Amino acid sequence: MKLLSGSPLADKLQIPVVSLEWTECLDKRPTDRTSDDLDAIFSKLKDVKAFEKFHPLLIQQLCYYSYFESLEKGVTLFRTGDLGANWFAILSGSVDVCVPAENGKGHTLICTLEAGAAFGESILYDAPRNATVITSSAVMLLRVEQKDFKILWERNKQYMHGVITSLSKLTNTLDPKRRASEFDPSLLPQVASSKFMKDDPTRNPALPIIPAPSVRIQHAAYVLRTCILSKAQQMIRDRKYHLKMHRSCLVGSEMVDWLIHQSPLVHSRSQAVGMWQALLEEAAITHVSQEHYFKDKYLFYRFTGDESGTLTRPSTAEESECEEQLNDVILTLSQVGPDAMLRMILRKPPHERTIDDLEIIYDELLHIKALSHLSSLVKRELASVLIFEAHPFKGEVLFSQGDEGKSWYIILKASVQCIIYGKGIVGTLHEGDDFGKLSLVNNSPRTATIILNEDNTHFLRVDKDDFNRILRDVEANTIRLKEFGKDVLILDKVPINVKTADGTYQVCYKYSIMSGAAEKILEYLLETYICVNCEEGDTNLDDFLSTYVIFMPTNQMCATLLAIYKAKPQQRAGENMDLTLREKVKVIRFILEWHDASKETFFEDPKINVFLTELHHLIRIDVKIYPQLKEEIKLIESIMENDSDPKETRKSKLPWKQRNSIDKPKMIRPSDEVIFKVYCADHTYTTMKMRIDTPASKIIRLAADKLGLRADQPDDLKLCEVRSTGERILYKESDLSISYGLSLNGRLFLAPADHLDAL
């Protein structure tokens with residue numbers, strides 16, 4: 001009999017892992033498990049000997065998706081030919097794998113699987129079971145249902161190679177005619193080799209994150225080197241390894257020993273490692289071949305500047321001075337060491353992070369403001385994929401407006417400036433803030449340019465694939481975009497139907513406009529909906545063009561579009577002629593969309609003719625600089641000439657028009673009339689019929705006449721909406737389209753200012 005085991009032979013004797021509290025957590029449905037439940041399960045599973053070869057991220061996922069099963073000897077889990085419904089991982093005990101005997105009587109034993117083995121992957125493909133599995137002793141299992149295992153597989157393919165025992169492969173060894181395994185390890189994504197990432201400081205913690213050490217770290221290295229030469233000169237010497245001579249180097253484990261003996265502030269070897277790593281990440285010390293971050297091992301490191309091998313002994317005065325400063329230097333390094341250790345862990349490739357590494361990252365994530373709304377499970381998943389990114393110099397452009405969104409960023413250190421084309425700097429983001437998720441969720445271009453505001457800026461980065469896998473559906477329901485410290489746009493996450501490649505529809509989530517400053521809504525639509533293929537169910541642009549007169553007069557829309565078209569690029573923000581051309585084209589394409597939505601009503605407002613004439617003049621000037629505008633000016637001219645043919649021409653040149661396959665709503669005109677009621681404080685009212693673009697000042701004057709409210713003193717009267725929640729909205733005299741903005745159960749009141757609280 002062949003014996004397969006998921007753990008070493010020495011681990012056959014398993015310590016029981018049953019604990020009433022954490023197994024009860026596993027009995028709950030995944031959606032009902034709290035953060036405390038998941039923490040309790042994870043703290044147990046990570047210490048189970050049988051799971052020592054499971055990647056920590058895979059264990060975290062099992063905490064969420066698996067159920068606990070305790071079975072007696074002789075229980076059949078499934079039979080050959082059954083359609084599977086579950087995948088299993090053995091915590092303790094063993095199971096026998098059998099196939100029907102060739103004579104049709106009984107079963108033939110193929111092998112026994114023990115603790116740490118996992119099996120049942122045929123459920124991925126709805127394939128029949130290739131063998132019969134029977135418990136050969138009392139056994140404890142983790143069971144994952146089919147729908148959850150498919151999610152688990154998609155998220156952790158690279159970690160499941162080596163932990164799944166393919167039953168179909170086992171049965172193939174008995175009968176070559178049996179079906180080949182659906183589980184093909186060659187289809188697994190290959191983990192990038194360390195050699196490939198060797199020259200990337202972001203992914204290689206052996207490299208410095210800044211080109212030269214700071215004054216503080218440089219001084220610390222000088223003091224430590226001087227004290228070592230003074231007290232233990234034999235530590236720094238030429239060493240030979242694999243027939244290669246390394247000049248003036250030290251051994252990592254000896255450096256740790258020496259530092260521990262210098263001060264009671266250094267109370268552990270791991271703390272000393274972090275202190276030396278703080279020097280290494282700023283290039284004050286280096287590994288002799290830059291292959292290792294600082295480790296408490298027999299590895300060679302040297303102080304920067306000692307490469308030549310010539311050591312000059314410090315003078316007595318220098319030794320005395322450095323001896324006096326040693327305690328202060330050790331205190332400084334003890335303060336920066338923990339952060340250096342965190343950065344070192346974050347710079348490891350994700351597949352190399354240990355359980356202890358992930359716990360350190362997770363503890364840090366608990367204190368980051370941008371992640372406070374996320375669950376414990378999501379934070380643990382993030383711990384395994386977060387990437388550290390450092391930029392040494394301020395003024396660098398991280399990404400530009402209009403770029404494709406590839407990553408989400410969290411500021412770990414320093415600050416960045418947010419710049420919008422035509423506006424300049426609209427805000428500054430600081431440590432703990434995040435940015436970049438909007439373009440990932442909406443799959444749209446970047447809406448701003450980000451520039452580093454300080455030297456030595458550090459980020460935590462989540463790349464697009466990991467963001468979509470972990471965060472897309474659990475991100476905050478509301479995003480508030482700020483400019484100059486104030487909310488200018490509020491987006492809510494809403495479900496929309498997206499057509500898939502096979503012609504079916506599936507629900508996905510996007511951020512949709514809920515409210516905002518009129519100019520900002522227009523800017524956002526220009527950036528994310530013009531010259532971009534949008535999902536068929538997304539109607540934000542059509543809704544705006546049908547209703548803009550309610551909150552944005554035509555002259556304001558025209559002025560905003562002209563300001564964006566005329567805006568000049570800022571070289572400091574990395575804005576170039578390509579971005580300028582793109583913004584000009586977007587304004588022109590928006591006007592084509594506007595004309596298409598308005599149809600015969602487009603020219604009803606005479607201000608539009610004036611606007612088009614001025615824009616046409618500007619485009620004719622710009623064509624000399626941007627020849628690409630020749631096609632655009634023809635489209636504008638066709639609108640101005642009110643030609644009946646260009647509609648088809650426009651469609652052929654505007655690929656994003658594919659989204660407008662649905663019927664458009666009827667456009668609201670400023671001249672449309674609406675009937676509404678205006679109430680007094682005693683709830684008597686008058687009914688009024690007025691144009692949509694009537695300002696509040698005119699409503700106040702006419703309603704006061706009809707209601708007999710001190711018409712001789714109209715300045716004292718205020719127009720106010722009272723909602724069913726008790727909230728009061730006070731309107732300014734210049735506000736338009738008030739009746740269209742009323743809430744479902746709101747009432748419009750006219751009353752003196754000192755009576756508003758009584759409404």
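Observations on the model:
- Residue selected from the stretch 721-733 under the condition open to solvent by less than 90 Å² (accessible area, probe 1.4 Å) and of a type in the set (D, E, K, R), by the criterion nearest to Ile668 (Cα to Cα): Glu721
- Which numbered condition Arg313 misses (of (1) open to solvent by less than 50 Å² (accessible area, probe 1.4 Å); (2) under 26 Å from Asp238 (Cα atoms)): (1)
- Test: residue in the stretch 238-253 that is within 28 Å of Asn327 (Cβ to Cβ) and of a type in the set (D, E, K, R): no
- The number of residues in the stretch 624-641 that are open to solvent by 30 Å² or more (accessible area, probe 1.4 Å) and at pLDDT 85 or above comes to 8.
- Yes/no for Phe467 being touching a strand residue (DSSP E or B) at 6+ places or on another chain (Cβ under 9 Å) and modelled with pLDDT of 90 or more: no
- Cβ-Cβ under 6 Å pairs, at least 6 apart or on other chains, the stretch 679-694 side assigned by the TED database to the domain that holds Phe749, far side open to solvent by 60 Å² or more (accessible area, probe 1.4 Å) and among the basic types (Lys, Arg): Tyr679/Arg747; Tyr685/Lys677; Thr686/Lys706; Thr687/Lys677
- For the stretch 223-272, a residue qualifies if it is open to solvent by 20 Å² or more (accessible area, probe 1.4 Å), touching a residue at least 24 places away in the same chain (Cβ under 8 Å) and not in a helix (DSSP H, G or I), and the qualifying residues are Asp238, Tyr241, His246, Arg247, Gln262, Leu265.
- Verdict on Ser376 being open to solvent by 20 Å² or more (accessible area, probe 1.4 Å) and either without any contact (Cβ under 8 Å) to a residue 60 or more places away in the chain or not aromatic (Phe, Trp, Tyr) (or both): no
- In this structure, Leu759 does not satisfy being in contact with an Asp or Glu (Cβ under 7 Å, 6 or more places away or on another chain) and surrounded by 12 or more Cβ atoms within 10 Å (Cβ to Cβ).
- Any chance Leu452 is within 16 Å of the chain's Cα centre (by Cα), surrounded by 17 or more Cβ atoms within 10 Å (Cβ to Cβ), assigned by the TED database to the domain that holds Ile425 and modelled with pLDDT of 85 or more: no
- Selection count where residues are open to solvent by 50 Å² or more (accessible area, probe 1.4 Å) and closer than 15 Å to Thr304 by Cβ, scope the stretch 273-292: 1
For every residue, the table says whether it meets (1) under 27 Å from Ser376 (Cα atoms); (2) touching a strand residue (DSSP E or B) at 6+ places or on another chain (Cβ under 6 Å).
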position	(1), (2)
Phe88	yes, yes
Ser94	no, yes
Asn103	no, no
Leu113	no, yes
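- Residue that is farthest from the chain's Cα centre (by Cα) [pool: residues in the stretch 83-126 that are polar (S, T, N, Q) and not in a loop (DSSP other than H, G, I, E, B)]: Thr108
- Any hit, the stretch 327-349, residues being assigned to a helix (DSSP H, G or I), farther than 26 Å from Val266 by Cβ and basic (Lys, Arg): no
- All positions within the stretch 734-747 that are open to solvent by less than 100 Å² (accessible area, probe 1.4 Å) and not in a strand (DSSP E or B): Ser734, Asp735, Leu736, Ser737, Ile738, Ser739, Gly741, Leu742, Ser743, Gly746
- Lone unmet requirement of (1) surrounded by 13 or more Cβ atoms within 10 Å (Cβ to Cβ); (2) farther than 30 Å from Asp455 by Cβ; (3) in contact with a helix residue (DSSP H, G or I) (Cβ under 8 Å, 6 or more places away or on another chain) for Ile217: (2)
- In the stretch 324-372, residue modelled with the lowest pLDDT [restricted to those that are more than 20 Å from Leu412 (Cβ to Cβ) and under 24 Å from the mean Cα position of the chain (by Cα)]: His351
- Single unsatisfied condition, Lys520 versus (1) crowded, with 16+ Cβ neighbours inside 10 Å; (2) at pLDDT 85 or above; (3) not in a helix (DSSP H, G or I): (3)
- Condition met for Thr31 (under 34 Å from the mean Cα position of the chain (by Cα), open to solvent by 70 Å² or more (accessible area, probe 1.4 Å) and among the β-branched types (Val, Ile, Thr)): yes
- The criterion of at least 1 residues that are closer than 28 Å to Leu579 by Cα is met, among helices (runs of 4 or more DSSP H) falling completely within the stretch 352-467, by 437-441.
The values are calculated or read from the model by the stated rules, or taken from the named source; none is laboratory data. Please read all numbers here as calculations on a predicted model, not as lab measurements. Glycine gets a Cβ as well: all are built from the backbone with ideal geometry, and neighbour counts include every protein chain shown. Each accessible area value is taken on the protein alone, full model and side chains, heavy atoms only, with ligands, DNA and RNA left out. Shrake-Rupley method; radii C 1.70, N 1.55, O 1.52, S 1.80 Å.
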